Amino acid sequence: MATKIAIMIGEEWVPIIPRIGDDLPKHVRGEAYWVVYGDPTRNCYAIKDPEGIEYPIEFINNRWYLMKWEDGMYYTKKKLMCEIGEYGTGWWKNMDKDHPDYVKPLLSPHSPRGKEPEEDLPEEHMETTGPSTQRVGPARQDLR
C-alpha cells in the first residue's frame, strides 16, 4: 500500500520527508524511479528532464512535486508542482481505491450477495485521467 503524504504547500519552501521506500504502483510512478543513496534520509523518487538532468521528486497530495536537497533535507514549494504527465510522471487509474475521485462500485442486482464486483481489471480496460503527453517541467532556476 502506498504511503500517503499530505502537506500544506504554499509559495515558500516547505521541508519534505519523502517516503521511505518505492511503494507507488508503476502507473503512478510513470517514468519516476527510486534512487538509493548512502544516506537513507536522502532516498527518493527521481526523474530526468529532456536534457538528462536528474531531479528528486515526491508524490504529495496526489501530485508530483520537484524537490531540492539543502542542509540535509528536501524542500519543495507550490510552483514546483508538476502537471499530470509532466516529465513522464504517472497518476492514478480511475478504479484505484487511492484515486482522489474514487467511488466504490455499487453491487449489481446480478452480483452474488456479499461479493463486490471485480475491481482488478486488466490494465488495458482501465482508464487513466490526465493528459497522456509529456510536458517539459518548470525551469531549473525554480530549484534555486
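The values are calculated or read from the model by the stated rules, or taken from the named source; none is laboratory data. From a predicted model like this one, the values you see are computed outputs, not experimental measurements. Counting neighbours? That spans all protein chains shown, and the Cβs are built from the backbone with ideal geometry, glycine included. Accessible surface areas use protein heavy atoms only, side chains included; no ligands, DNA or RNA. Shrake-Rupley method; radii C 1.70, N 1.55, O 1.52, S 1.80 Å.
In table form, for the structure just shown:
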{"item": "Region 35-78 shape via C-alpha gyration tensor axes, a/c threshold 1.5", "result": "oblate"}
{"item": "Pairs beyond 27 Å (Cα-Cα), from LYS4/LYS68; LYS4/LYS104; LYS48/LYS93; LYS68/LYS97; LYS79/LYS104; LYS78/LYS104", "result": "LYS68/LYS97; LYS79/LYS104; LYS78/LYS104"}
{"item": "Accessible heavy-atom area order of TRP34, TRP91, highest first, probe of 1.4 Å", "result": "TRP34, TRP91"}
{"item": "By average C-beta atoms within 10 angstrom, highest first, the peptides 8-16, 69-77", "result": "69-77, 8-16"}
{"item": "J(HN,Hα) series, region 90-104, from Karplus relation 6.51 cos²θ - 1.76 cosθ + 1.60, nearest Hz, glycine and proline x", "result": "x, 7, 5, 7, 4, 8, 5, 5, 8, 4, x, 9, 4, 10, 4"}
{"item": "Other-chain or far-sequence residues with amide H under 5 Å of ILE60's (modelled H)", "result": "TYR65"}
{"item": "Per-residue HN-Hα couplings for region 39-46 [Karplus 6.51, -1.76, 1.60; θ = phi - 60°; Hz; x = Gly/Pro]", "result": "9, x, 5, 9, 4, 6, 6, 9"}
{"item": "Test item: Cα-centred dipole of region 1-108, Lys/Arg +1 and Asp/Glu -1 on Cβ, debye", "result": "400"}
